[in-house]
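This report refers to the structure that appears directly beneath it.
The values are calculated or read from the model by the stated rules, or taken from the named source; none is laboratory data. It should be emphasised that the depicted structure is a prediction, and the values quoted were computed from it without experimental measurement. Using ideal geometry, Cβ is built from the backbone for each residue, glycine included, and neighbour counts are taken over all protein chains shown.
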Amino acid sequence: MEPQLRDTVEDGVATVVITHPAKRNAMTAAMWRALPGVLGRLAADPAVRVLVLTGAGDTFCAGADISTLREPGDEQQRLAVRAEEALAAFPKPTLAAVRGFCVGGGSQLAAACDLRFAEEGARFGITPAKLGIVYPSSSTRRLTALVGPSTAKYLLFSGELIDSERALRTGLVDEVHPAGGALDERVTAFCRVLASRSLLTQAAAKDFADGRTDRDAYWADRAAGSGDTAEGVAAFLERRAPRFTYGR
C-alpha cells in the first residue's frame, strides 16, 4: 500500500489515518506536505465537529521515514513543523488515538492534538538525540507545556521510549484503555459527546488554553451572534438536548 493519509467523516467526526504499514506508519515528506491541506479541507467542512488522528493497524506513527532524510535539499523537519502547526491550529477539538509505537514525528503530531487517548502497551518516544538532529523550538515548547520541563528533558535528552502508564502519569496522554477494542469504543463515545457540545465554547476554550488571552472581545462578539447561549439555556430549562448551530 502506498504511503498516504486517509480521511473519512461520519456523524460529525473526521478521522485521519496515517497509513504506511511497511514502515510502521512513518511519515514521508509527501505525507508531511499533504497534512495541512487535508486539515484545511476538514476544518472548512461544517459537518466536521471533531477530528481524530490515528494510525493504520496496530501502530500510531513510528516517526519520520528516515530514508528520506538524506535526500538533497531535505526539508522534512520544516514540513513536519508546518504539519504540526496546522494540527495545533485546527479550530475544532482534536484527539490522537494511539496504539503501538508513537515515536519521533508521531509524538510530535500527538502532542499537537488537544487530547491523547492510548491503548495499553503503547510506547512513546522523541528520538532526535539518536540521530544528532536539533528538535524544533516550537515542538520543544509544546512538549514542555504538556509534560513539564523535567519530563521533556528526559525524553529529548535520552531518546528512550516510555510506556503508556508513564505517559499517563506525566500528562503525555489523558486516558489509557485495555487492548482489544476498548480504545476504539471510548474514542467513538467521547467524540459523540464532543460533537454534541457547543463548538463556540470549545473553540474559545482552545484559543484561551493555547495562550491567546487577548481574544475576549473576539469571542464575545461570536457568542453574541451565534445563538448558542440562548439555545443552551433553553434546552437546559426544557430538559432536552441542545441544538447548537455555531460553525454549521
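Against the criterion of being on the phi > 0 side of the Ramachandran plot, at pLDDT below 95 and not assigned by TED's automatic domain parsing to the domain that holds residue 50, residue 225 does not qualify. Just one of the listed residues (103, 134) is surrounded by fewer than 15 Cβ atoms within 10 Å (Cβ to Cβ) and not charged (D, E, K, R), namely 134.
Checking every residue in segment 44-66 against the condition of being of a type in the set (Phe, Trp, Tyr), closer than 21 Å to residue 184 by Cα and outside the structural domain of residue 207 (by TED's automatic domain parsing) gives at least one match.
Note on segment 146-160: among residues that are part of a helix (DSSP H, G or I) and touching a residue at least 12 places away in the same chain (Cβ under 8 Å), the one that is surrounded by the fewest Cβ atoms within 10 Å (Cβ to Cβ) is 157. Based on what the data block shows, is residue 143 assigned to a helix (DSSP H, G or I) and under 19 Å from residue 60 (Cβ atoms)? Taking the combined requirement at face value, the residue satisfies it.
Residues that are out of contact with any Asp or Glu (no Cβ under 9 Å at 6 or more places or on another chain) and β-branched (Val, Ile, Thr) within segment 15-42 comprise just one, 18. Taken over segment 161-219, the residue count meeting the criterion of being buried (at least 18 other Cβ atoms within 10 Å of the Cβ), of a type in the set (Val, Ile, Thr) and free of Cβ contacts under 8 Å to residues at least 60 places away in the same chain is 3. Tell me, yes or no, whether segment 16-25 has at least one residue that is assigned to a loop (DSSP other than H, G, I, E, B) and either closer than 25 Å to residue 144 by Cβ or hydrophobic (A, V, I, L, M, F, W, C) (or both). No, segment 16-25 contains no residue that is assigned to a loop (DSSP other than H, G, I, E, B) and either closer than 25 Å to residue 144 by Cβ or hydrophobic (A, V, I, L, M, F, W, C) (or both). Look at segment 58-76: where a residue is crowded, with 20+ Cβ neighbours inside 10 Å and a partner is at pLDDT below 75 and assigned to a loop (DSSP other than H, G, I, E, B), sitting 6+ places away or on another chain with Cβ atoms under 8 Å, you get 76/69. The numbered conditions (1) surrounded by fewer than 16 Cβ atoms within 10 Å (Cβ to Cβ); (2) closer than 24 Å to residue 145 by Cα are all true for residue 235 except (2). Of the set (1) without any contact (Cβ under 8 Å) to a residue 12 or more places away in the chain; (2) surrounded by 15 or more Cβ atoms within 10 Å (Cβ to Cβ), all apply to residue 37 but (2). Among the conditions (1) more than 27 Å from residue 177 (Cα to Cα); (2) surrounded by 23 or more Cβ atoms within 10 Å (Cβ to Cβ); (3) among the hydrophobic types (A, V, I, L, M, F, W, C); (4) at pLDDT 95 or above, the only one that residue 18 does not satisfy is (1).
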